[in-house]
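Trainee: Before I ask anything, let me first share the structure, which is written out below as structure tokens.
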Amino acid sequence: MIRNNILTVLTALALCLVLSVPAMAADKKVKLAYVEWDCALTTTNVVAAVLKEKMGYEVEMLPVAAAAMWQAVGTGDVDAMVTAWLPVTHKEYFDKLGDKVENLGPLATGAGLFWVVPGYVTIDSIADLKGNAAKFDGKIIGIDPGAGLMRLSEKAIKEYGLSDYTLVEGSGATMTAALADAIKNKKWIVVTGWAPHWKYGRWELKNLADPKKALGEAEEIDTIVRKGLKDDMPEVYAFLDRFHWKDAGQLQTVMARNQDKGADPYKNAVKFINENPDQVDAWLGKK
């Protein structure tokens, strides 16, 4: 009888241990949502690399639409996102879900929408485009016709009196291809753009001043986490709270690497954290 009781207890203990393993593993898994923008992909992979390589967590990265990303953090289905463009681009989502998430503040500043020219172009403001249409072949190279940037660019053309210019529809890829070709041939070109973006890590560019603010105000990129993360995963919360890029140039350099043929964003993220141990230590609270 005693032997049977001992076996019963041992069996129960073994079962408890088996059942507890998935729970423990679940506690070491972090879910990150992101939109499939170059900056979001780059930052999310760097965060994932630190969590996995330096902190021992399993990480799941989920590419989704912006609305779904905010909703997933708001419901607690994912733990965090590192790509909240505020106060303008994601204002609608923040207004709706801001009380259901926690904003840890900016991980990058100086974000925004711009008209961009190569560094060798000798004008500095959108206003300076007037009277110089011939130098730009009368074109402003745009992106997707439905993009907010295109709507605001049409507004800028009217506000600055640039009736001699045509806003050319295309895509992000056709815009950067046109920019690359112009730079190769030292031609003047103006393109619709945004920062952070990998193009700034590849070429010497400048954003034209927008004194009328037709393209909107400057933005920042914030880290947003689910409610309760601080209690459930204090170590993860502390890291995400400390995480930020030193400057936009640092982010754009890694973004540019991800544009190379056959590039692996996660491998580039690991390369970055290995190249910057002091910065990573600061994120981890070791400095």
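Trainee: Looking at GLY201, GLY262, which one is small (Gly, Ala, Ser), farther than 30 Å from LYS158 by Cα and not assigned by TED's automatic domain parsing to the domain that holds GLY119?
Mentor: GLY262
Trainee: Name the single residue, out of those in the stretch 248-287 being assigned to a loop (DSSP other than H, G, I, E, B) and touching a residue at least 40 places away in the same chain (Cβ under 8 Å), that is farthest from PRO106 (Cα to Cα).
Mentor: GLN259
Trainee: Give the residues of the stretch 183-197 that are surrounded by 21 or more Cβ atoms within 10 Å (Cβ to Cβ) and not β-branched (Val, Ile, Thr), sorted by residue number.
Mentor: GLY193, TRP194, ALA195, PRO196, HIS197 - these are the residues of the stretch 183-197 that are surrounded by 21 or more Cβ atoms within 10 Å (Cβ to Cβ) and not β-branched (Val, Ile, Thr).
Trainee: Can you pull out the residues in the stretch 178-198 that are within 21 Å of the chain's Cα centre (by Cα) and either of a type in the set (Phe, Trp, Tyr) or farther than 20 Å from LEU167 by Cα (or both)?
Mentor: TRP194, PRO196, HIS197, TRP198, listed by residue number.
Trainee: I need a count of the residues in the stretch 143-170 that are modelled with pLDDT under 95, part of a loop (DSSP other than H, G, I, E, B) and not acidic (Asp, Glu).
Mentor: 5
Trainee: With (1) farther than 15 Å from VAL82 by Cα; (2) among the aliphatic types (A, V, I, L, M); (3) modelled with pLDDT of 95 or more; (4) in a helix (DSSP H, G or I) as the list, and ALA173 as the residue in question, which single condition is left unmet?
Mentor: Condition (3) is where ALA173 drops out.
Trainee: Additional query: Determine which member of the set VAL59, VAL50, VAL46 is at pLDDT 95 or above, closer than 18 Å to GLU235 by Cα and not in a helix (DSSP H, G or I).
Mentor: Going through VAL59, VAL50, VAL46 in turn, just one is at pLDDT 95 or above, closer than 18 Å to GLU235 by Cα and not in a helix (DSSP H, G or I): VAL59.
Trainee: Now, a different point. Any residue that is at pLDDT below 95 and surrounded by 15 or more Cβ atoms within 10 Å (Cβ to Cβ) - is there at least one of those in the stretch 234-248?
Mentor: yes
Trainee: Which of the numbered conditions does ASP77 fail, given that it passes all the others? Conditions: (1) surrounded by fewer than 19 Cβ atoms within 10 Å (Cβ to Cβ); (2) part of a strand (DSSP E or B).
Mentor: (2)
Yes/no per residue for (1) in the same structural domain as LYS230 (by TED's automatic domain parsing); (2) in a loop (DSSP other than H, G, I, E, B); (3) modelled with pLDDT of 95 or more; (4) in contact with a Phe, Trp or Tyr (Cβ under 6 Å, 6 or more places away or on another chain):
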residue	(1), (2), (3), (4)
VAL82	yes, no, yes, no
LEU97	yes, no, yes, yes
VAL116	no, no, yes, no
TYR120	no, yes, yes, no
LYS135	no, no, yes, yes
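Trainee: Of all residues in the stretch 215-231, how many are at pLDDT below 95 and out of contact with any strand residue (DSSP E or B) (no Cβ under 6 Å at 6 or more places or on another chain)?
Mentor: The qualifying residues number 1.
The values are calculated or read from the model by the stated rules, or taken from the named source; none is laboratory data. Every value quoted in this text rests on a predicted model; they were computed, and no experiment measured them. When we count neighbours, we look across all protein chains shown, and the Cβ atoms used for this are built from the backbone with ideal geometry, even at glycine.
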